[in-house]
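Q: Supplied in C-alpha cells, the structure appears directly below.
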Amino acid sequence: MAAVQWRSRGRNYDAELQRCGLEAALVDFGDYHPLKPIMVTDTKTRRGTRKGSTSSSSSSSSSAPPDPLSSMLDGTDPLSMFAAASATETPTMSHSSSTGDLGRRKREKEEEAVGPDFEPWSLKRGEILARFTTTEKLSINLFMGSDRGKATSQGSAVSEKVRTRLEELDDLEEGSQRELLNLSQQDYANRIEELNQSLKEAWSSDQKVKALKIVIQCSKLLSDTSVIQFYPSKFVLITDILDTFGRLVYDRIWTMCSDPRPLPDNFTVEDVNDTAKETCLNWFYKIASIRELLPRLYVEAAILKCNRFLNKSAIQETLPRLTAMIRGIGDPLVAAYARAYLCRVGMEVAPHLKESLNRNFFDLLGTFRQISSENVRAQLVLQMVEMPEYLTLYSPAISWILQCIAYRAPESLLTEMMERCKKLGNNALLLNSVMRAFRPEFVAARATDFIGMIKDCDEAGFPKHLLFGSLGRSLASADPPESERLTILNEAWKVITKVRSPQDYINCAEIWVEFTCRHFTKREVNTILADIIKHMTPDRAFEDAYPQLQSVIRKILTYLHDFSVLFSMERFLPFLDMFQKDSVRVEVCKSIMEVFIKHQVELTRDPVILNAMLHICKTMHDSVNALTLEDEKRSLALLIIGFIRMVSFGRDFEQQLSFCVEARATFCNLEPVLVQLIHTVNQLAMETRRVMRGNHSRKTAAFVRACAAYSFITIPSLSSIFSRLSLYLLSGQVALANQCLSQADAFLKAAVSILPEVPRSISVEGKLRSSESFLLDFINSFLATLLVIPDHPEHGVLYLVRGLLNMVQDYTWEDNSDAKVRVYISALPLLAAMSQETYLYSIPKVDSNETLYGGDPKFLSEINKLCETLIGQILDHLKTLGRDEVRTLLI
Amino acid sequence: MSVTLDIRLKRANKVYREGETVAGVILLICKEALQHHGISLSMEGVVNLQLSSKSVGVFEAFYNSVKPIQLISSNIEVAKAGKIPGGKTEIPFEFPLHTKGNKVLYETYHGVFVNIQYSLRCDMKRSLLAKDLSRSCEFIVHCQPQKSKVIPTPVNFTITPDTLQSREKNSLPKFLIRGHLDATNCVISLPLTGEVVVENSDVPIKSIELQLVRVETCGCAEGYARDATEIQNIQIAEGDVCHGLAIPIYMIFPRLFTCPTLETTNFKVGGVI
C-alpha cells in the first residue's frame, strides 16, 4: 500500500464560525416545529382575538406541553388509585373480607359525618393495644375453652354431648399442665382474630345462629377480669368482633331493602320493606332473650344502628335503656368499658343524642365508689396489682366517654361536668380524664384552677405526676393566658422536680418541655434541661429513658430554630451527652442535623455553631463501622455534606481552607464527604480568582496553590476510581485556571498514571457493568482539556498526549472491543486542533502550545508523526475487521 | 321432572287478627307442563292439649291425651284436574279469618302442654305414578288489640330473708331488696318494666335474674292439671352491683311462647344470692 502523507488541515475558526452560524430565523406562530406542542385549539376564538394571524390547527400557546404519558390515561393513573384505595383501608387491622371493607368504608364515611376534629376510635385503638400489655401469661379460662369448641365445631351439628366432652378434655389438660394452656398476649390476640374470621365465615356460609353464638361467647369474655392489666386491650380486641358483627347485620338488612334500587343514605322507615323489618325485629327479639346481661347488652349495642330500619325514634329510646342496663354490672371496670362502648356506638350512629352520653357519665360518677369496694380490693390483692396501676386501666374508657361528651359541647356543660367532678371529692382519676378529654383551650384557660385542684387531690391512688402530665399535654396545644404562664410553669415544675422515680419524672418532664419551648426563652429551657440532667444522671437512669429524651430534643428543635441560641444554652450539649447508646446518639444527631439543614438558611461562621455541629457530625461519622449499611452511610454523608455547605467564612478564605483541613481529618471515613470537601476547596480557589479578577497577588497565588495541594493529597484516599479520575481532571482544570501550571501538570499526570487501574467492570446500582463507556467518556473530556495544557519544558513534546496514548495502548481492553481505536479516533481531532495557528479555546493568562511553539515546523511534524501512527493503527484495525467478516462469510 | 310447591303469604310477619283476610299465593315452579288431579288448599286452627305426667300418671298421660279442639277449618279447591304450564305459576288465594258459631280464635301459642297452631296446607294430587305433593305453612293469629286502655297499676315489692318461703331462713345472710314493677297487668306487645334496688346486703351479690314463668291449666277427666314452667330467664345484674342504685327490669315477652288471654302469666323476681 502506498504510504500516504497525512497532515492536518489548517482552519480559521472565526471564519468557520461565521459561516456556520445559523441565521436566527424566528419561527412563525403558524409554522410547524417539532418542539412545539401540537395542540388543536379552537380556531374560531383565536381568530377573534388575534386577527390576521395565520393561525392553524397547531398553535404555540405557552401552556405546558401535554405529557404523553399522562395524557394516555384519562383520570388518575391506576397506581396512585390503588395507593389511595389501600391508604384508606390499611389503618385498621390487616384482615379484610369484601363485606368487611365495604362496611368499614361506610363506617369511615359516617365517622366523618361527626366531623374531622373528632378523634376517631381507630386512633385510640392502637394506642390502647400498645399501652395495656402484659407479660403475664393469660390463663385460658373455661369460657374460652368452651367457646373454642363451639367456634371450631361445624355449626350446631356437633351434638351437645361431644361438645361437653371436648370441654372436659380441655379441663383435664388445664388441670395437669397449666402452663401449656396459658396463652401469651399475642396468642390471645390471634385467638380472637381467629374467632373474628370464623364469624365472617359462618356469616357468609349462612350460619347466622353460629355467628350470633360466636359473638355472644366473645362478649361473655368481657365479664372476666382475670389478668386485669390486659382488660383494656381485651376490650379493644373483642369490640372489633362486635363491630364486625354489627356491620354484617346492618349490611345484610340494608341489601334486603335495596332490591329494586339501593336505599339512599338518609332513608326513612317508609323506604324499608316488610321482610327487612321482620328480619330486623327477629334479630332484636333473639338478642333480647340472651340470658346473660353482658352479652345481651353488648350485642344489642353492636346492632344499635339497625334500629334505623324499624322506627325513627328507636335509637333515641334504646340508648337510655341500654345506659340504665349497665347499672346492673357489678364490676366497675367492666361497667366503665361497657359505657365506653355504648358511647362509641352512640356517637357513630346518632351523634346528636347527647343526653344519653351525659347520663352515662353521671351514672359512672354515681357508681364511682364501687372502685374502692371490698370486692375490687380483694381482686387486686389476688392479682397483685397496685391501686394506681388499677386506676390507670380506667383512663381509656373514661377519657373516651368524656371525649364524646366534650365534643362540640357548650362551655357551660363542660363547666358543669367539672363542678360535678369536684364535688366527688376531687378524684384524681376523673380529673385526669377531664383534662385529657376536654378541649385544650378549655383546660388552658383554667390552668391555674386545675393546678389548684391537682394540689388538693389525695396522693394515694393516682400519682400526681400523671395529672401534671395530662395538664401539660393540654397546655402544649393551647395557650393559657399570658400573665399566668410563668406561675403555671413554676407550680408544675415544683411538683415534677420532686417526682422520685426517674421514669415517671421523665415521662412528665418530656411533656412540659413543649410548653416551655413554646412560651419561654432559652433561659427557662436551659433550666429545665439542667433539671432533667440532674434527675437522669444518677444510676445512669437515662439508659431507660432514651425515647423520652429523644422526644425532648425533638420538641426543642421544633421550637428553637436559631442554632446560635440553641448551642449557646450551656446545658444542651451536656444533655446530648446523656445519649450514650450509639444507635440512639446517632439518631439524635441525625434529627438535629436534619433540622439544621432545613432551617439554617444563611451561611454561618459562628464558632459556637461550628464547634457544636462539628462535634455532632463527628459523632455521626464515628458511628460508621464495617457493619454500617451502605444506605446508612449515604444518609449520614448527605447530612454532613449539608452542614459543610452551610459553612462559609466569607472573605476569610484561609480560615475556610483550614476548616476544610479539619473536616477532612474528622470525616475521613465517608467518601462522599471527602468529595464534597474537594469540591468546596476547588470552589474556594475559583472564588479567590474571581475576587482577584484573575490577577493573583503573591499571597493569593500561594493560597490557590495550597488549595491545589489540598486536593492533590485528598484525592488518592478515595476508593472509587472514577471519582478520583474526574476529581483529578477537575482539580487540574481549576489549577490551570489559577495559573498553577506545575500543579495542573501533576494532577493530569496523576490521572494518566492511574488509568491502568481502571477495572474492566464496575458495579453500578448493584449490577456489574462494563466500565468501557465511562472510561471513553472520561478520556474524551480529558483530551479536550489537553489542548490548552502547555508542554512541560523538561519533558518532550506532547508529553501528556503521548503518555495518555501509551496508557491506552497498554490497557487491557475487552476482547473484540473497538474502544482502543475509538480513543485513537478521538485523539485525531485533538492533534489536528493542536496544529492550528490559533487554538479554538484558551485559558486567560496561560500560554498554550500555540504561543510556546509558535507554529514551529518541528512541533508540527511531531504532531504529524503521531497522527500517522494513529491512523496506521486505525487502518490495521479496520483490516482485521474486514478479515473477520470474510472469515465469518466463509464459514 | 321436579316441581316445587310453595305457599307465600302476603304479610312478611305472617301475623293476622280475627276478621282479617289471610291472603297469599301458591307458587308452582316446574320446568315442563305438569299434569295433576286437582290442587286443594285448607286452613286449620287446632288446640292440642297434652297432660303432664306429673299431675296424672304416665299411662294416663299417654292415653288420656285430650282430643284436639278444632277452632277453624276451611277448604277450597284451587284448581281442578288439568295441566299447569311449565315455568312459574302463581295462584292467588284468600281466606277470611272468621269463626263459626261461638268458638273463639285463640292466639297462636306454643307451650309445653298446650299448643295452639294455625296452618295452611296445600295438596296437589297427581297420577298414580307420581307422588302427591303437599306443603304446609304456619301463620300466626294475634288478638285484636285491647280497646279499653289498661291503666297501669304499679306495684312495689320488698325482699328480705323474712319474706322468702325458704326452709333455712336463719342461715340466710341479711339483705334488703326493694323494687317496683310498672304494671301487674302487662300489655303483651310491650316489655315488662320496673326497677330493683339493692339497699343492702351482707354478702356480695353474684347475679340478679328475672324469670318469666307460665302456668298452663288443662282440663281433663279427673279435673284440672296445672303446671308452671319457665319460659325465659334473664340476668339483669351481674356481680356485686352498686347498692342504692336503681337497676332497670326490662323484658320483652317472647311472643310465641306467651299469650295473654287464656292463661295467666306469673312473674317472679328471683335474686340469687
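None of the figures in this text is laboratory data; all of them are computed from the coordinates on show. Since the structure is predicted, the reported quantities are computational estimates derived from the model, not experimental observations. Virtual Cβ from ideal backbone geometry, glycine too; neighbours counted across all protein chains shown.
Q: Write down Rg/Rh for region A:538-678, rounded to two decimals, with Rg from the C-alpha atoms and Rh from the Kirkwood relation over Cα pairs.
A: Reported Rg/Rh (Cα atoms, Kirkwood Rh): 0.96.
Q: Within 10 Å of each Cβ of B:229-239, how many other protein chain Cβ atoms are there on average?
A: Shielding by partners across B:229-239 averages 5.
Q: Tell me the Kirkwood hydrodynamic radius of region A:626-766 in angstroms, computed as one over the mean inverse distance between distinct C-alpha pairs.
A: In region A:626-766 this quantity evaluates to 15.9 Å.
Q: What value in Å³ per residue do you get for the convex hull of the alpha-carbon atoms in region A:299-356?
A: 72 Å³
Q: Also, I was wondering about something else. At 10 °C and 1.306 mPa s, what whole-number value in µm²/s does Stokes-Einstein give for the translational diffusion of region A:556-628, with Rh from the Kirkwood sum over Cα pairs?
A: D, rounded to a whole number, is 124 µm²/s.
Q: Give the separation of the Cα centroids, region A:821-891 to region A:530-545, in Å.
A: Measuring centre to centre over Cα atoms gives 73 Å.
Q: Evaluate the relative contact order of region A:820-891 (contact order divided by residue number), counting alpha-carbon pairs under 8 angstrom at least 6 apart; express in whole percent.
A: Relative contact order comes out at 39 percent.
Q: Using only the alpha carbons of region A:739-873, determine the length spanned along each of the three principal axes and report them from longest to shortest in whole angstroms.
A: So the three principal-axis extents are 49, 35, 25 Å.
Q: If amide hydrogens are placed 1.01 Å from N in the peptide plane, which non-local residues have theirs closer than 5 Å to the one on residue B:139?
A: Hits under the 5 Å cutoff: B:118, B:119, B:120.
Q: Next question, about the same structure. Which translational diffusion coefficient, to the nearest whole µm²/s, is obtained for region A:270-419 from the Stokes-Einstein equation, given a Kirkwood hydrodynamic radius over C-alpha pairs, 20 °C and 1.002 mPa s?
A: Diffusion coefficient, whole number: 128 µm²/s.
Q: Just checking the output field for A:328-341: average partner chain Cβ neighbours within 10 Å of each residue's Cβ?
A: The shielding value for this peptide is 3.
Q: On to the next question. Would you mind computing the Rg to Rh ratio of region A:405-453 from its alpha-carbon coordinates, Kirkwood style for Rh?
A: Across region A:405-453, the Cα-based Rg/Rh ratio is 0.92.
Q: Please report the relative contact order for region A:183-328, taking Cα pairs under 8 Å with a sequence separation of at least 6, and give it as a percent rounded to a whole number.
A: 23 percent
Q: Kirkwood hydrodynamic radius, computed over distinct alpha-carbon pairs, for region A:366-420: how many Å, to one decimal?
A: 13.2 Å
Q: Next up: Can you list, bin by bin at 5 Å, the percent of alpha carbon pairs in region A:323-394, starting at 0?
A: Bin by bin from 0 Å, the calculated values are 3, 15, 25, 21, 15, 11, 6, 3, 1.
Q: Give me the inter-chain shielding for B:244-250: mean count of other chain Cβ atoms within 10 Å, whole number please.
A: Mean number of neighbouring Cβ atoms from other chains: 5.
Q: Next question. Highest mean first, what order results for A:541-554, B:128-141 on Cβ atoms within 10 Å?
A: Order by mean packing, descending: A:541-554, B:128-141.
Q: Something else about it: Contact order normalised by length for region A:605-703, with contacts defined as Cα pairs under 8 Å and 6 or more residues apart; what percent is it?
A: 28 percent
Q: Can you tell me the equivalent ellipsoid semi-axes for region A:514-553? Use √(5λ) from the Cα gyration tensor, largest first, whole Å.
A: 21, 12, 5
Q: With only alpha-carbon atoms counted, please give the Rg and Dmax of region B:1-40, in Å.
A: Radius of gyration, then largest Cα-Cα span, for region B:1-40: 13.8, 40 Å.
Q: Turning to a different aspect of this structure: Sort the following peptides by mean Cβ neighbour count (other Cβ atoms within 10 Å, averaged over residues), highest first: A:638-647, A:205-214.
A: Put in order of decreasing packing, that is A:638-647, A:205-214.
Q: Also: Just from the alpha-carbon atoms, what are the Rg and Dmax of region A:720-797 in angstroms?
A: In Å, with Rg to one decimal and Dmax whole: 13.8, 46.
Q: If you project the alpha carbons of region A:423-571 onto the principal axes, what extent comes out on each, in Å, largest first?
A: Cα extents, longest axis first: 50, 36, 21 Å.
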